[in-house]
Every structure is written in C-alpha cells, then in structure tokens.
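Student: Can you keep this structure in mind? I'll have questions shortly.
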Amino acid sequence: MVRKLSLVFLLAAAAGCQTVQTTQPGVVGVDRQQSMMVSSAQVNASAEKAYQQLVGGAANKGQVNQDPAQVERVRRVARRLIAQTGAFRPDAPAWAWETNVISAKEVNAWCMPGGKIAVYTGLIERLQPSDDELAAVMGHEIAHALREHGRERVSQAQAQGMIISVIGIATGASRGALDLTQTVVDLTLNLPNSREHEMEADRIGIELAARSGYDPGAAVTLWEKMGKLGGGQPPQFLSTHPSHATRIADLKVYAARVMPLYEQARNRP
Ligand SMILES: [Zn+2]
C-alpha cells in the first residue's frame, strides 16, 4: 500500500503537478492555493472545442441568440464584468471571451474555462432578473473561470484516473486516456461544483459586479428569487449548494464589504 501510494506521488510529480495561485485575493479575500496537473492551455483548448460543439449544435437547431435585444443586453452586462476581471488576474481582460444566449427552458448559465459564456433563456424568462441580478449570475460564472475551477477539477479527475491506472498496471488492465473535451462538458453541464468552489465564485462574483457598477446586493435578491422558484426539481444553481440560507448569509456579508467599490464605480464619470 505504501509503495503504491509513493508511485502515485511519483507519477503526479512526473506529470507536472504544480501548486498555483490563479487569482489575486481582491477585497473579498479569496486566497487558496490550488493543485494543478494539467495546463491552462490544454484545458482552455478543450473548452474551446466543447463550446463550439455545444453552441454550434444548438445553432443548427435555431436555439442560439434568437432575440437580438436579449443578446445585446446579456453581452452588455458581460462586457462590463469582463472589463473588471483584471482586478483578479491581469491576463483575463485579454482572453478570447464569448457570450451567447441559448434557447433552453432550464434556469442556467455557465462560463467554461477561458471565458466561454452561455446564458439560457429559461433563466431570463423565469427569473426576470434586473441587470444587477443578471450581473450577479454572470459574475459568479465568470469567477469560476478566473479561479480555473474547471482546470482544478480536471486535475482532480486526472489524479483519480492516475490512481486507477496504477491499479491497472498492477492488475494488467489498460485504461484509455482521459477525454478532456468530454470531461470539460461534464464538469460544466452535469457535475455540481464543490461548496468551496461555489463560495469562492460567489465572493469574487459579487466583487466583479460591484466594480462594474452593479448593485452587489442583487446577488441576495437573485438567490431569494431562485429559492422561490419551487415546483419540480430545484434549479441547478441551488442543487449545487448544500445550504441556501448559508449562501444568502455569506452573500450579505460580502455585498456589504464591496459596497464602497460599487459607490466608486457609480460615481465614475
Ligand atoms: Zn457556481
């Protein structure tokens, strides 16, 4: 057992496992080192491919950017948020950001690694968000990308796969390489984020919104709206977080903390 474990660590080292700090802490103070086993370039290339497949597939069915006014609104909010991403990482404003509105009934939005954003019409129609609330959702999703949570989760999957392949070597079974593009799709659409990732995205998202001149308090009203949706299964946003009340309490604290940034942004000429 000890020998197997040290082999895992050896493989991890050989594969280039590194500890990184993806973002600066900001006023909200998100400060956690992350272990990465794949490069940003690899993950972003896979995300790019996955995004083009998803959006392209939806476009072929006439389900992308159907309402020009809606698209313009969503992209305007995205532009303002993206312009402030440099507060957390200087490289981010120059990323190849893309924002599209997908016609789907789910209350959902996401941002793939590298800045590939989608907002579903279900979110806009069922939540009827104000611009401030829309900025809260999109700020949260953009924060996942800034923190490279996708890359971190791929790294975790890779580490697990490596353990399996070590066992495979031991038992003589072979295992195919991790399909990175499919993994990115699964992580974005199907697998919930950890509570830790959600909390980081909430806090960074609320600061991004404030810096962009959107009322950070809207994150609270947004989540309250989500909570009231009810009927059938909870929206994906809710099901990914263990406690709705804890989240709202945390958002209130951080909304107050970034309020001066919002005031500054509003007073900008
Ligand atoms: Zn999230």
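The values are calculated or read from the model by the stated rules, or taken from the named source; none is laboratory data. Fair warning: this is a prediction, and the values are worked out from it, not measured in the lab. Every residue, glycine among them, receives a Cβ derived from its backbone with ideal geometry; neighbour counts consider all protein chains shown. Heavy atoms of the whole protein, side chains included, go into the accessibility calculation; ligands, DNA and RNA do not. Shrake-Rupley method; radii C 1.70, N 1.55, O 1.52, S 1.80 Å.
Student: What ³J(HN,Hα) values, in whole Hz, does the Karplus curve 6.51 cos²θ - 1.76 cosθ + 1.60 give for segment 131-148 when θ = phi - 60°, with x put for Gly and Pro?
Tutor: 3J(HN,Hα) across segment 131-148, in whole Hz: 4, 4, 5, 4, 5, 5, 5, 5, x, 4, 5, 4, 4, 4, 5, 4, 7, 6.
Student: Please list Leu191, Leu123 from largest to smallest accessible area, probe radius 1.4 Å, with all protein chains kept in place. Walk me through the numbers on the way to the answer.
Tutor: Details: Leu191 85, Leu123 0 Å².
Most to least solvent-accessible, the answer reads Leu191, Leu123.
Student: Provide the solvent-accessible area of Glu152, counting protein heavy atoms only and rolling a 1.4 Å probe, rounded to the nearest 10 Å².
Tutor: Rounded to the nearest 10, the figure is 10 Å².
Student: Treating only the Cβ of Lys, Arg, Asp and Glu as charged (+1, +1, -1, -1), what charge dipole size does segment 16-135 show about its Cα centre? Round to the nearest 20 debye. Write down the numbers at each step before the final one.
Tutor: Numbers: 12 positive and 11 negative charges, 33 e Å.
Computed charge dipole of segment 16-135: roughly 160 debye.
Student: With a 1.4 Å probe and all protein chains left in place, how much of the accessible area of segment 41-152 comes from carbon and sulfur atoms, in whole percent?
Tutor: Details: 2140 of 4230 Å².
Heavy-atom surface of segment 41-152 belonging to carbon and sulfur, 1.4 Å probe: 51 percent.
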